[in-house]
Amino acid sequence: MKTKIFFILCLISGFTTSRLSAQNNNPDGTKSIVYTFEWPNFVQGVVCDGERDILMGSVTYKETDLFKDGILIRGNAINYGEAVSTKDGEVFRIKEIYQDWGDVDADGVFLNMTWHFSLKGDQGTHYIGSFTYMYGTIFMNKMFCPGNKKK
């Protein structure tokens with residue numbers, strides 16, 4: 001259990017830190033704001049069939065935040081890029097989709113979010129999964145490993 005929490009926290013820590021830099025937007029009225037930036041210290045922990053791995057790399061992060069009457073009510077984001085396995089050097093194409101909703105803290109960071117990911121490696125490994133973060137607790141919704149290479 002501690003290992004799962006470690007891997008999940010690696011993922012969340014980079015995401016939350018990157019969001020803080022874009023929290024100075026406080027528009028009036030109802031509108032969307034789109035921003036994009038490079039996330040050079042991307043980290044994703046994965047577990048499949050009892051084997052753990054950490055993928056590290058760089059992704060492009062693009063988010064659209066929706067404001068209603070000047071209040072942030074929803075955010076949607078996508079990450080895409082590449083990361084390398086720390087276990088065997090396999091290179092992965094990264095695609096993650098985030099959906100944020102509900103309450104935000106004093107810094108404007110959502111307290112609820114779900115993200116889905118597809119991580120395809122150049123040696124045949126494939127991870128598909130999703131997590132939900134709600135008020136400080138992370139839940140693993142699913143983790144599949146279709147088509148993974150045979151050992």
Among GLY57, LEU119, GLY75, which residue has its Cα positioned farthest towards the positive end of the charge dipole of region 44-151, with +1 placed on the Cβ of Lys and Arg, -1 on the Cβ of Asp and Glu, and the dipole taken about the Cα centre?
LEU119
Take the alpha-carbon centre of region 78-144, take the same for region 51-68, and report the distance between them in whole Å.
7
So what J values fall out for region 106-117 if you push phi through Karplus, 6.51 cos²θ - 1.76 cosθ + 1.60 with θ = phi - 60°, rounded to Hz, Gly and Pro as x?
4, 8, x, 8, 4, 8, 9, 7, 10, 9, 10, 9
What shape does region 57-151 take by its C-alpha gyration tensor, where a ≥ b ≥ c are the square roots of the eigenvalues and a/c under 1.5 counts as rounded, a/b above b/c as prolate, and the rest as oblate?
prolate
List the residues, sorted by chain then number, that are 5 or more residues from LYS87 or on another chain and whose placed amide H is less than 5 Å from its amide H.
ILE54
Nitroxide proxy distance, nm - points 7 Å out along Cα→Cβ at THR86 and ASN112:
3.3
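Only the coordinates and a few stated rules stand behind these numbers; no lab work does. As the structure is a computational prediction, the values presented were derived from the model and not from experiment. A quick note on method: Cβ atoms are made from the backbone with ideal geometry, for glycine too, and the neighbour counts reach across all protein chains shown.
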